[in-house]
Amino acid sequence: LSVSARTVRDGDGGFAGAALAYKDVTDLVRALQVKEEFIALVSHELRTPLTSIHGFTALVLERDDLPEDAVHQLQVVSRNVDRLDRLVGDLLQTAQTERGTVDVVRRPTDLAALVRDCVEAARPALERAGLSLETHLPERLEVSVDPQRTAQVVDNLVSNAVKYTRPDGRVEVCLGVADGGVELEVRDTGIGISPRDCHQVFSRFFRSRHVTEQSIQGVGLGLSICKAIVESHGGRIEVESAEGVGSTFRVRLPYDAPTGD
Ligand code: ADP
């Protein structure tokens, strides 16, 4: 049952009583369950053929007798399969996080190396988009996190920075220890986010009007997944942005500094 209550006032604004409304939401809850099950099932079914396409494309690309234009075409296939795979993964994970927090398996991890790897993986996309890259990373930063999930957060923030920044812009990735916590910042000189939208970017399926009008691809799941992952680590994620100037996404994670003994 969903219950809502309201105060009822008389003509002079005095308290006249209270109204309670009870609503049976059984059907709604059931519909939501069906939706989750459907998303999970479809995502699983899509994953299998995608894995096969991905594997065979990679295999053909390894041949050294391919004409150059075929290599380029296959690279496009490969990038699009990756995109589809990420989308399916996001849908699957969204269906899972709707039921609670993300499962996190912590391991001692060199976060500096992890961020460096993510940035390197994004370098071709950065170059293709005509963006310059700046990094401020320590040599090592040992923390206890789920490496796979954390990489997913970094990948997402960096790929958004690339996606929402026009050619000749800059993407900056900084990592360090601040206020007793680990702080990761991904900054861009991109299109920015309006103050009103800043409150909503971490909500599922939210996309600003700006990006839908410009037909920039995406479904609005990445940041909600990032938030769920960061919060499952006991951390938080926030954004500072100015339209037409750029955005800074900041992730803070708890940091237990090594004692050295
Ligand atoms: P998607 O990128 O697929 O739309 P996200 O959940 O990653 O989904 O982002 C939600 C929305 O937040 C985006 O559609 C966009 O409006 C805004 N956004 C996210 N990152 C940035 C950024 N770096 N610069 C400007 N807007 C952004």
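Read-outs: derived from the displayed coordinates by stated rules, not from any lab. Predicted model, so just to flag it, every value in this text is computed and none were measured. Because the Cβ atoms are built from the backbone with ideal geometry, glycine has one as well, and the counts that use them run over all protein chains shown.
Structure notes:
- Convex hull projection area averaged over all views, the chain, Cα basis, nm²: 21.5 nm²
- In plain terms, the residue of F56, F202 with the fewest other Cβ atoms within 10 Å comes first and the most crowded comes last, giving F56, F202.
- Across the options S132, S43, V119, the greatest Cα extent toward the positive end of the charge dipole of the range 1-140 (unit charges at beta carbon of Lys, Arg, Asp, Glu) belongs to S43.
- Going from the residue with the fewest nearby Cβ atoms within 10 Å to the one with the most, I193, I229 rank I193, I229.
- For H136, H210, order by how many other beta-carbon atoms lie within 10 Å, fewest first: H136, H210
- Cα convex hull of the range 182-238 - mean projected area over all directions, nm²: 4.4 nm²
- In the range 116-174, the C-alpha radius of gyration followed by the widest Cα-Cα span (Dmax) gives 12.0, 36 angstrom.
- Quick note on the range 1-112: its Rg to Rh ratio, both from C-alpha atoms and Rh being the Kirkwood radius, is 1.34.
- Descending semi-axes in Å of the range 151-212, equivalent ellipsoid built from Cα gyration tensor: 22, 16, 11
- Ratio of Rg to Rh over the range 114-254 (Cα coordinates, Kirkwood Rh, two decimals): 0.94
- Shape call, the range 60-121: gyration tensor on alpha carbons, a/c limit 1.5: oblate
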